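A short reminder: the numbers here are calculations on the coordinates, not readings from a lab. Just so it is clear, the structure is predicted and the values come from calculations on it, not from any experiment. Every residue, glycine among them, receives a Cβ derived from its backbone with ideal geometry; neighbour counts consider all protein chains shown.
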Amino acid sequence: MGISDAYLLGLLFTVPFVAFLYASVGHGGASGYIALMYLFSVNEFTIKPVALVMNLFVAAIAFYHYYMAGYFKMNLFIYFAVGSVPMALLGGYFTVSALVYKILLGLFLLFAMLKLGGQLKAKEIKEIAFKPIAAIGVGAIIGLVSGLIGIGGGIILSPILLLLHWASVKESAAIAALFIWVNSAAGLTGQLLQGIQIPTETFYLVLVAIVGGFFGSYFGSKILNTKSVQIMLILVLGMALSKLILSL
């Protein structure tokens with residue numbers, strides 16, 4: 001991974017906390033892992049595949065907890081997945097500059113944080129019927145962008161589901177978890193087809209990420225109420241926005 005033992009030790013202590021926070025809202029944590037690996041001077045060519053591997057495990061655990069709690073909506077997920085998976089595979093195969101994307105995503109994350117923050121005092125919003133074609137299109141865009149920068153896309157999908165009133169807070173977490181898993185698998189496949197190898201140190205990072213992800217998704221799906229999960233999502237969006245600003 002091209003980092004000292006001290007930096008690796010730092011990652012082993014910080015990754016579980018990031019996994020806990022992200023998994024509590026159904027996310028895998030890739031944007032947080034990427035931020036940490038930049039901070040701890042990990043080789044930039046290994047950051048994307050390592051983040052995606054951790055994403056696979058944490059998102060799977062998060063999905064399990066939210067699914068068992070009864071929040072998953074298969075009829076909504078499938079349309080997003082149909083659009084996103086092939087585009088995530090394509091995005092993972094290519095390496096491009098992400099500067100413009102980071103600026104646009106940063107503006108969107110800021111808008112989503114403000115919008116979701118304004119909904120904290122509001123009553124539970126009634127869900128409206130989603131449009132399949134729109135869901136496929138949104139999934140395709142998120143999938144392509146996710147594959148290009150090495151994330152699962154849940155950080156984008158969750159606020160979209162809430163802002164469009166297509167799902168409740170915990171339903172969006174369940175959908176995002178499986179969405180992240182399939183996109184991460186597709187993006188990682190694209191990385192491997194490109195010839196990028198996964199470093200052996202990833203195994204240790206995956207182990208600590210699993211611990212954080214297990215407890216985070218358990219608390220999010222079974223203990224925290226809707227408002228608490230919504231606040232956690234705003235915090236996660238804020239972390240992603242901070243990471244984008246620091247990487248510009």
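Which angle between 0 and 90 degrees, to the nearest 10, do you get for helix 169-193 versus the longest principal axis of the chain when only C-alpha atoms count?
The two axes meet at around 30 degrees.
Using the 10 angstrom Cβ neighbour count as an exposure proxy, how do Leu205, Leu76 rank, fewest first?
Leu76, Leu205
In angstroms, what radius of gyration and Dmax does the chain have, counting Cα atoms only?
Over the chain's Cα set, Rg and Dmax evaluate to 16.5, 52 Å.
Relative to the longest principal Cα axis of the chain, at what angle does helix 132-149 sit, 0 to 90 degrees, rounded to 10?
Taking the Cα atoms of the chain, the angle to 132-149 is about 20 degrees.
Could you work out the local net charge near Tyr79, counting Lys and Arg as +1, Asp and Glu as -1, over the other residues with Cβ closer than 13 Å to its Cβ?
+2
Quote the charge dipole size of the chain about the Cα centre in Debye, to the nearest 20; the model charges only the Cβ of Lys and Arg (+1) and of Asp and Glu (-1).
Dipole of the chain, to the nearest 20 debye: 720 debye.
Using only Cα atoms, find the angle between the long axis of helix 44-68 and the longest principal axis of the chain, and express it within 0 to 90 degrees, rounded to the nearest 10.
Between helix and principal axis, roughly 40 degrees.
Among Ala69, Ala209, Leu163, pick out the residue whose Cα is farthest towards the positive end of the charge dipole of the chain, where Lys and Arg carry +1 and Asp and Glu carry -1 on C-beta, about the Cα centre.
Leu163
If you take the Cα atoms of the stretch 140-248, find Rg, then find the Kirkwood Rh from the mean of 1/r over all pairs, what is Rg/Rh?
Using Cα coordinates only, the ratio equals 0.98.
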